[in-house]
Amino acid sequence: MARPFDVVALESKWQERWRDLGIYEVNNDDPRERFYALCMYPYPSGVAHQGHVRNYTFGDLVVRYQTMRGKAVLSPFGFDSFGLPAENAAIKAGSHPRPFTEARIIELRTSVQKLGAVYDWRREISSHEAEYIKCSQFLFLKMFEAGLAYRAQAPVNWCPGCATVLANEQVLADGTCERSGDLVERKDLEQWFLAITKYADELLSDVDALQWPERVKSMQRNWIGRSEGVEFSLAFADGSGRALRVFTTRPDTGFGVTYAVVAPEHHLLEALTTSEHEVAVSELVQRARNSSELERTSSSDSGVGLDKRGAFTGSFVVNPFSGDEVPVYVADYVLGTYGTGAIMAVPAEDERDFAFAAVHGLPVVRTVAPPEAFDGGAYSGDGVKINSGFMDGLDVASAKIAASEFLVGHGDGSSTVNYRLRDWLVSRQRFWGCPIPIIYCSSCGIVPVPYEQLPVLAPDDVTMDSSGQSPLASHDGFRNATCPTCDEPARRETDTLDTFFDSSWYYLRFTDPNNQQRPFDPEIAASWMPVDQYIGGVEHAILHLLYARFFMKAMIDIGVAPGLEREPFKRLFTQGMIRMDGSKMSKSKGNLVAPEAFYQTVGADGLRLFHLFVGPPTDDFDWTDQSKEAIDGCGRFLDRLFRVATLDNITLRTDHDESDDAIRRAVHRTIAKVSSDLEQWSYNTAVAALMELLNTVGKWARDERGANEETLNEAVDALLLLLAPMAPHLSAELWSQRHGESSLVHTQHWPIADPELLREELVTMVVQVAGKLKARIDVAPSISEQDAIAAALSDPAVASLLAGATPSRIVAKVPRMVNIVP
RNA sequence: GGGGGCGUAGCCCAAUCGGCAGAGGCAGGGCGCUUAAACCGCCUCCAGUGUGGGUUCGAAUCCCACCGCCCCCA
C-alpha cells in the first residue's frame with residue numbers, strides 16, 4: 001500500500017533515537033514512583049513471530065503508558081537461552097549449541113527492536129551466560145543446604161536403543177522413542193528434586209489474593225490438587241500382621257469396600273502375589289512399566305481392555321468396617337506416586353472402581369441410596385447412608401466424620417491431606433542446561449561444589465552426536481573431579497537443571513543484573529518487587545508460574561531474599577493464543593505469518609495497532625484471510641492521522657463557533673475513555689475510540705468553514721499523546737514535527753480530561769412502556785425524578801398509548817430511563 | 001467424566017450497574033476526484049443477541065437445561 005510517508009525510514013529513525021537517548025533506561029536510585037513491567041523472557045527461537053509481536057505490543061504499551069504517567073518503569077529484556085531445541089539443532093549440525101543459540105538471540109533481539117518495543121538494554125541477561133549459571137548454581141546449593149534440594153530414586157523414560165533418558169516430549173504417543181523407534185521403558189534412576197510440596201499449602205492459599213485471571217488461578221489450584229481424607233490400614237487376611245496402607249477421600253463408603261487395588265510399583269506387591277498368580281501379575285507390571293501416566297489413568301481403554309489392565313494377586317485383606325475379607329488386585333490405573341500407592345475400592349460410589357468390578361466380576365455394595373431416577377452404575381453424589389452399620393441414615397458429610405473417628409480406633413487411621421502436586425524433578429540428562437554443582441565421592445558421598453569454585457561450566461570441546469546421550473556424561477575432563485572434602489578423585493554430577501529452574505528467579509536478576517557477589521541484592525530487589533505487571537502466554541499458567549512462586553517463598557525462607565514479598569507477580573495478564581485454521585500458530589505446525597513483511601507496508605505501528613484492535617487481548621483470535629485487510633485498515637488509520645496532522649486539504653480559521661466546543665468535548669471524552677480503557681486492558685475499544693475521534697475531527701476540519709487552529713491543535717496533540725503508547729513511531733514523528741525536533745511525545749505527561757468538558761448539557765432519556773422503548777427525550781442530566789416522570793407521561797406517543805389510564809407502576813432511573821407499566 | 005471460558009450483522013468485534021442492541025474495523029454497494037485505475041474523500045449496508053425455559057417493570061447481560069467451539073484436569 002502506498003503511504004504518505006516513508007514508513008521504513010521513519011520507524012528506524014525513531015528506534016535509533018530511543019536507543020541513543022536511553023529514555024527507557026532506569027537506574028536503581030530513580031526517585032520517581034516505581035513500576036516493574038515484565039514480559040516473560042522468551043526462549044530465543046530466532047526471528048519474532050506474531051505471538052511475540054502480540055506479547056511485546058502489550059508490554060511496550062504498558063511501559064510507555066506508565067512512563068507518561070510519571071513512573072520510573074523498569075522494563076528489562078532477556079533470554080531463556082538453555083533448552084532442548086538448541087541442543088537438537090546442534091546435534092543435527094554437529095556443532096555446539098552456543099553459537100546456534102547466540103545467533104537466535106541476535107535475531108530475536110533485532111526483531112523486538114524493529115517492533116519499536118523499548119527496554120533498558122543495559123540489564124539484558126541470558127540464562128546460558130557464565131554469570132547467570134553461577135547465580136543459579138548458588139541458589140541450588142543454598143536450597144541443598146536447606147534441605148529443599150534432595151536426591152531420590154525416580155522413574156524416567158529410558159530408551160534401551162539409545163541408552164539414554166528421554167524427555168517426555170521425545171516419547172511418541174505409541175510409547176516408542178522418536179529417534180530409534182524402540183519401546184521406551186520406565187526405569188528408576190537417582191534424580192534431583194526440589195521440595196515444592198513443602199509449600200503446597202501456602203502456594204494454594206496465596207492464590208486467592210492474586211490479581212490474576214480467574215482461569216489461571218483455577219488451573220493452579222487444580223494442579224496443586226489438595227484433597228482431605230483418611231489414611232488407614234487394611235490388615236492382610238493371612239494373619240501375618242502386615243497391612244496395606246490406603247488413602248481415601250470417602251471414608252464413609254467403607255462398608256462398600258469389596259476389593260483393594262495396589263499400584264504395579266507397590267512395595268508389597270511381591271508379598272501379596274501368590275505363586276499361581278505370578279505370571280499374570282508380572283505381565284501386568286511389565287505393561288504398566290511401558291505405559292505413560294496418561295494412558296494408565298485414562299478411563300477410555302486405549303486398545304487395552306480393562307480386563308488386561310488389572311490382575312488378582314491371590315491375597316486378601318480385611319475390611320475394618322465389615323470384617324469381610326476382600327481380594328487384592330493390582331491395576332495400572334492406581335499410581336505409585338499418588339497417596340499411598342494403594343486404594344480401597346468402592347465400585348458402588350466410584351466410576352473407575354465400578355467399571356473394574358464389572359469386568360472382573362466383583363460385588364457391588366451400595367452405601368449411599370441413589371436418587372430414584374438413577375439408572376445404575378456408580379453414584380458419587382450425596383444421599384442417605386445405607387448398608388453402613390453405625391452410619392446408616394446419615395448424610396455423606398456427617399458419615400465422613402463418623403467414619404474418620406471409627407478408623408482412628410480401627411485400622412490405625414489418621415486424617416490426612418493429600419496433594420496431587422509432586423516434588424519437582426529438576427535433573428535433566430542434557431548438555432545444554434545449567435550444570436548441577438555437585439560432586440560424588442566414594443567416601444564422602446554427595447558433596448556440594450564450594451561456592452568459590454562456581455560456576456561449574458560445561459566444556460566447549462564436546463562433540464554433539466546422535467547417540468542422544470549428553471556429552472557431559474562421557475567427557476572425562478568434566479566428569480573427573482577432586483572431592484572438595486577429602487581431595488580424593490571423585491565424579492562430577494553430569495546432569496543439568498531443568499530450564500524452568502533458570503526462569504524461576506530471572507525477574508530478580510533484572511533488578512540487579514551486574515551483581516558479582518550474589519544473584520541480587522535483596523534491598524535493590526525489594527525496591528522493585530513484586531512485579532507490578534507480568535505479561536505472558538497462558539501456556540505458562542501452571543508450571544512456570546507455580547515454580548516461580550515457589551522459588552520466591554523458598555528464597556525468602558533460606559535467607560537469600562530477606563524483606564521481599566512472598567508473591568513475585570502482583571498482577572498477571574495472559575494474552576490469548578493466535579490460531580490459524582483451528583490450531584495454534586506455531587513453528588512446528590508451519591503456519592507462521594512472519595511480521596517482517598508488514599514492516600515495509602503498514603509498519604510496526606500498523607501491525608501493533610492491529611494486535612491491539614483485533615479483539616480483547618485475553619481472547620484467542622483466528623488469523624484469517626481477512627486479517628491482512630484489517631491490518632491494512634490500521635495502516636489507513638495512521639495515514640489519515642498523518643494527513644490531518646500535516647493539514648492536508650485543511651484550511652484554518654481563527655474565529656470560534658459552536659463546532660469548536662463540540663470538538664473539544666469529543667477530544668476530552670476520548671481522553672477519559674482511552675485512559676480508563678488502558679487501565680482495564682480494553683485496548684480494542686481504546687483504538688476504536690481513537691478512530692472515532694479522528695473521523696470526527698477529520699470531517700470537521702475539512703468542512704468548508706475550515707478548522708479553528710487552536711481547536712485543531714488541541715485535538716491533534718491529544719490524538720498523538722493517546723496514541724504514543726500504541727503507535728509510538730508515527731506519534732513521535734508528528735509530535736516532533738509540530739513541537740520541534742527535540743520535543744519527545746513519550747516524555748510528555750499523559751493528558752488529563754477536563755471535567756468541565758466531560759459534563760453533558762443534555763442527555764437522552766429513554767421512555768419505555770411495559771419495558772418497550774416508546775420515546776426518547778432530551779433532558780438535563782440533573783433532572784429530578786418527578787420532572788422526568790412528568791416529561792415521560794406528557795410525551796405524545798406515551799400519552800396516546802396510555803389513553804388516559806393510570807399506570808400501575810412507574811420505574812425511573814434518572815436521567816437515563818423511565819419505564820411506565822400500564 | 002469433572003472444572004473454567006466463549007457464542008451479537010456476511011466477517012472481526014462494541015454495548016460501566018440488568019435500562020436506546022451498534023462504537024470501531026473488514027468485506028460489499030453508490031457517488032465524488034481521475035483521461036482511466038489505484039489512492040483519497042463522502043454516503044450506504046435491508047439485518048442479528050446459538051436453542052428452550054426461568055427471575056424481573058425491563059435480560060445480549062443474572063439463573064437452569066440443551067447445542068456448538070476452545071482451554072485445563074482426568
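Limited to region A:388-430, what total is found for residues that are within 30 Å of A:GLY241 (Cβ to Cβ), hydroxyl-bearing (Ser, Thr, Tyr) and assigned to a helix (DSSP H, G or I)?
1
Evaluate region A:26-48: report whether one residue or more is in a helix (DSSP H, G or I) and not basic (Lys, Arg).
no
Within region A:782-822, track down each residue that is touching a residue at least 24 places away in the same chain (Cβ under 8 Å), in a loop (DSSP other than H, G, I, E, B), within 12 Å of RNA strand B (Cβ to nearest atom) and surrounded by fewer than 14 Cβ atoms within 10 Å (Cβ to Cβ).
Those that are touching a residue at least 24 places away in the same chain (Cβ under 8 Å), in a loop (DSSP other than H, G, I, E, B), within 12 Å of RNA strand B (Cβ to nearest atom) and surrounded by fewer than 14 Cβ atoms within 10 Å (Cβ to Cβ): A:ARG816, A:PRO822.
Taking region A:343-359 as the region of interest, how many residues are within 15 Å of A:THR248 (Cα to Cα) and either touching a His at 6+ places or on another chain (Cβ under 6 Å) or within 12 Å of RNA strand B (Cβ to nearest atom) (or both)?
3
Considering A:ALA271, A:ALA280, A:ALA311, which residue is modelled with pLDDT of 70 or more, surrounded by fewer than 16 Cβ atoms within 10 Å (Cβ to Cβ) and among the aliphatic types (A, V, I, L, M)?
Of A:ALA271, A:ALA280, A:ALA311, the one residue that is modelled with pLDDT of 70 or more, surrounded by fewer than 16 Cβ atoms within 10 Å (Cβ to Cβ) and among the aliphatic types (A, V, I, L, M) is A:ALA271.
Can you find, within region A:435-452, the residue that is modelled with the lowest pLDDT among those that are surrounded by 14 or more Cβ atoms within 10 Å (Cβ to Cβ) and not in a strand (DSSP E or B)?
A:CYS444
List the number of the failed condition for A:THR711; all other conditions in (1) modelled with pLDDT under 95; (2) assigned to a helix (DSSP H, G or I); (3) within 15 Å of RNA strand B (Cβ to nearest atom) hold.
If we test A:THR711 against (1) modelled with pLDDT under 95; (2) assigned to a helix (DSSP H, G or I); (3) within 15 Å of RNA strand B (Cβ to nearest atom), just (3) comes out false.
Regarding region A:741-748, can at least one residue be identified that is among the charged types (D, E, K, R) and loosely packed, with under 15 Cβ neighbours inside 10 Å?
Narrowing region A:741-748 to residues among the charged types (D, E, K, R): A:741.
Filter once more, so that each one left must be loosely packed, with under 15 Cβ neighbours inside 10 Å: A:741.
Taking every residue of region A:741-748 in turn, at least one turns out to be among the charged types (D, E, K, R) and loosely packed, with under 15 Cβ neighbours inside 10 Å.
So which residues in region A:541-575 are under 24 Å from A:VAL216 (Cβ atoms), modelled with pLDDT of 85 or more and assigned to a loop (DSSP other than H, G, I, E, B), if there are any at all?
A:ALA561, A:LEU564, A:GLU565, A:ARG566, A:GLU567, A:PRO568, A:LYS570
Please specify each residue of region A:620-634 satisfying the condition of being under 15 Å from A:MET580 (Cβ atoms) and either within 7 Å of RNA strand B (Cβ to nearest atom) or at pLDDT below 90 (or both).
Hits for region A:620-634 are A:ASP620, A:PHE621, A:ASP622, A:TRP623, A:THR624, A:ASP625, A:GLN626, A:SER627, A:LYS628, A:ALA630.
Starting from region A:35-46, take each residue that is within 12 Å of A:PHE58 (Cβ to Cβ) and list its partners that are in a loop (DSSP other than H, G, I, E, B), counting only C-beta distances under 6 angstrom and pairs at least six apart or across chains.
A:ALA37/A:SER75
The values are calculated or read from the model by the stated rules, or taken from the named source; none is laboratory data. The structure presented is a predicted model; accordingly, all values stated were derived computationally and were not measured. Glycine also receives a Cβ, built like all others from the backbone with ideal geometry; neighbour counts cover every protein chain displayed.
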